[in-house]
Amino acid sequence: MTIRRVLVANRGEIAVRIVQACRAGGIDVIVAVSDADQDSLAARLANDVVRIGPANPALSYLRVEQVIAAALLSGCDAVHPGYGFLSERAELADACVEHGLVFVGPPADTIRRGGDKVEARRVAHSAGVPTGSGSASVGSVDAAVAVAADVGYPILLKAAAGGGGRGMVRVDTPDALASRFATASREAEAAFGDGRMYLERYVERARHVEVQLLGDHHGNIVHLGDRDCSTQRRFQKLVEEAPAAVLADDLRRRISDAAVALGRRLDYRGAGTVEFLVDLERDDFSFLEINTRIQVEHPVTEMVTGIDIVREQLRIADGEPLGFDQGDVTISGHAIECRINAESVVDDFRPSPGTITHWAPPTEAWVRVDSHGFVGYDVPPHYDSLVAKLIVTGADRDEAIDRSLRALDSFRIDGIATTSPLQRAVLAHDDFRNDTITTQWLETTLLPSWSPG
Amino acid sequence: MHGSGDAIKRVVEAFERSNWTEIDVRVGDIRVHLVAGGAASAAPTEVPATPVGSTAISAAVGVPSIAPVPVALEVPPGAHLVTAPSPGILWRSPEPGAPPFADVGDQLESSTTVCILEVMKLMSHIKAGVEGQVVAVYGENGVAVEKGQPLFAIAPSRQMS
């Protein structure tokens, strides 16, 4: 490797994940921290930290110049943006190049075209990938209402710079659209530093399936199979699995072919994910978005392929060719991830920041926990609520479910409320076991019939 | 080489060839704070890439950005206090530059939104809770507030029994 020292421009569990990947690869790693994260687990595990500003992410993690200055001051030669924050801001990739730093991610132009969800729809269409009906970006409430009248309600109001389901809301009427537009735009501004919104037709009965891509600087693009992330609440993924067991072979192949076609059209370099809505009744699918970064749920793919995606990101950024081709990628067994968030399921998912007083993750051989939690850690109110990803593998889906249930039962976290009881209910439900759910299932079927605690 | 003279030089050079207005980063006991067009000189200035003592640093930045809670809140007799239901960031208007949801003198319904509390990237609308007139505002826009911290005082239109 010519990369010797990496700046992690992120926080939370993904900062820990990147720190560990760097250290495993013999690379020094420095973490950029806000005042709220000076004592984080990533900070403790890294070679050093650079302090880049106040807790408010707009004044720290979302400032390109602070990240670049932090990398230069700490002697780094590369910047890993993680997910969220600046990970899909082309300005950071541009600034890295300008200041002689390697950006661990695709080139700025790819981020611009893929990360801008409006442009991405256009590129996908041109690559022959099916896209549903929707709009270009809309700049005002009035414009949104006018476009929605054409697309038809219900619609989804989405952040052009979004991803991970943030800044995204289902709207059923023009009045609701008018009242939600400003808040949704501001949430997008707060999360991504970009308040532009667009509209998409809302599909009632769908599965969320996505394909992991890796591309190098030598023209090689492979996919690492698919993931199913249909268990969602308010477009926030709560349970993810690999592979998407619900897909028949033919549909699976068409979806991965579409993802690779889009990747080739973008000359994709680095790790990326192409998301689709799948309509099982019609045996059809349509493009949702491409995320030009590491994805929260990347571990389930790692567990069934044996490929360390963060390590591959670093190798690709370093200019190395992929060490394998499509034929070498095999899917073995099944993996399930539960995103354990600091939210109270008995109190309408109210965020639950606070101090962790007990922390005992399960330790079985088939369990992996990606987390920045520890006893005494103070989960701050300034950032998203993810505190742990519980990843469990099995020889098949049934075994992965059974083992996940036991792992959820034994994972004790005190001091903050978490979504763990809900994930237990999901995995224990026959609909999940039978794999008959849709993206609506959690909100329309499970939650109304479920009484936590 | 981190935090070394070379590294500081790279930061200063990067600043000089960029259109950045301000950077402020710290490694160990090294702080580099550069402000463009500073009062003292016209050029992208200076600043003391000065090593400062670690004690001084923790004193300077270790203080959380929590809004000071007035020692003795002036709560008019009989007023209803709207308090923060959890820690979070206080937003007094629906979007930057817009007028605040509620200000002193405003007449509110019980269901009127008085502010937004941002907690873990979720925006919660905080309601007045009583019908009445705003008589005091305690929190500033954009500051972090603690659970239970008073945000507004409202004089109820009807005496509550």
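Quick note: the coordinates plus some simple rules give every number you see, no bench work behind them. The structure presented is a predicted model; accordingly, all values stated were derived computationally and were not measured. So basically every Cβ, Gly included, is an ideal-geometry build from the backbone, and we count neighbours across all protein chains shown.
The residue list A:THR2, A:ALA42, A:PRO54 was ranked by how far each Cα lies along the charge dipole of the stretch A:1-58 toward its positive end, using unit charges on Cβ atoms, and A:THR2 comes out on top. One decimal place: the segment A:ARG4-A:ASP430 gains 148.4 nm when fully extended, by the rule 0.36 nm per residue minus the C-alpha distance. Note on A:THR110, A:THR273: ascending count of other Cβ atoms within 10 Å places them as A:THR110, A:THR273, the fewest first.
Note on A:THR445/B:SER110: beta-carbon distance plugged into 1/(1 + (r/R0)^6) with R0 of 25 Å gives a FRET efficiency of 0.15. Where a ≥ b ≥ c are the square roots of the eigenvalues of the C-alpha gyration tensor, would you call the stretch A:191-254 rounded, which needs a/c under 1.5, or, failing that, prolate if a/b is larger than b/c, or oblate? Oblate, because a/c is 1.5 or more while a/b does not exceed b/c.
Evaluating 6.51 cos²θ - 1.76 cosθ + 1.60 at θ = phi - 60° for every residue in the stretch A:379-386, the Karplus couplings come out as 5, x, x, 7, 10, 5, 8, 5 Hz, glycine and proline recorded as x.
For chain A, the square roots of the Cα gyration tensor eigenvalues, ordered a ≥ b ≥ c, give a/c below 1.5, which places it in the rounded category. Rounded to the nearest 20 debye, the dipole size of the protein assembly as shown about its Cα centre is 400 debye, using +1 on the Cβ of Lys and Arg and -1 on the Cβ of Asp and Glu.
For A:VAL8, nonlocal amide neighbours, meaning residues 5 or more places apart or on other chains whose placed amide H falls under 5 Å from its own, are A:ILE30, A:VAL31, A:ALA32, A:HIS80. Of A:PHE192, A:LEU156, A:SER135, which is farthest on the positive side of the dipole of the stretch A:135-201, counting Cα position, with +1 on Lys and Arg Cβ, -1 on Asp and Glu Cβ, and the Cα centre as origin? Selected residue: A:PHE192. In this structure, A:ARG311 and A:SER332 have a Cβ-Cβ separation that, at R0 = 30 Å, corresponds to a calculated FRET efficiency of about 0.95. Remark: the stretch A:207-449 carries a charge dipole of roughly 400 debye about the Cα centre, counting +1 on each Lys and Arg Cβ and -1 on each Asp and Glu Cβ.
Averaged over the residues of peptide B:143-156, the number of Cβ atoms from other protein chains lying within 10 Å of each residue's Cβ is 1.
Its relative contact order, with pairs defined as Cα atoms under 8 Å and 6+ residues apart, puts the stretch A:135-201 at 46 percent. The alpha carbon centroids of the stretch A:118-180 and the stretch A:425-453 are separated by 27 Å.
Counting, for every residue in B:117-127, the Cβ atoms of other protein chains within 10 Å of its Cβ and taking the mean gives 6. Each stretch of four or more DSSP H residues adds -39500 (n - 2.57); spread over every residue of the protein assembly as shown, this sum gives -7500 deg cm²/dmol at 222 nm. Note on A:MET168, A:MET197, B:MET123: ascending count of other Cβ atoms within 10 Å places them as B:MET123, A:MET168, A:MET197, the fewest first. Antiparallel beta bridges, as assigned by DSSP with both residues in chain A, represent about 80 percent of the total such bridges. Using Cβ point charges alone (K and R +1, D and E -1), the dipole size of the stretch A:135-201 about the Cα centre works out to roughly 180 debye. Could you tell me which residue out of B:VAL143, A:PHE374, B:VAL130 lies farthest along the dipole of the protein assembly as shown toward its positive end? Charges go on the beta carbon: Lys and Arg +1, Asp and Glu -1, centred on the Cα centre. Positive-most Cα among the choices belongs to B:VAL143. Seen through its C-alpha gyration tensor, with square-root eigenvalues sorted a ≥ b ≥ c, the stretch A:121-203 comes out oblate because a/c lies at 1.5 or above while a/b is not bigger than b/c. By the count of neighbouring beta-carbon atoms within 10 Å, fewest first, B:LYS9, A:LYS158, B:LYS127, A:LYS237 end up ordered B:LYS9, B:LYS127, A:LYS237, A:LYS158.
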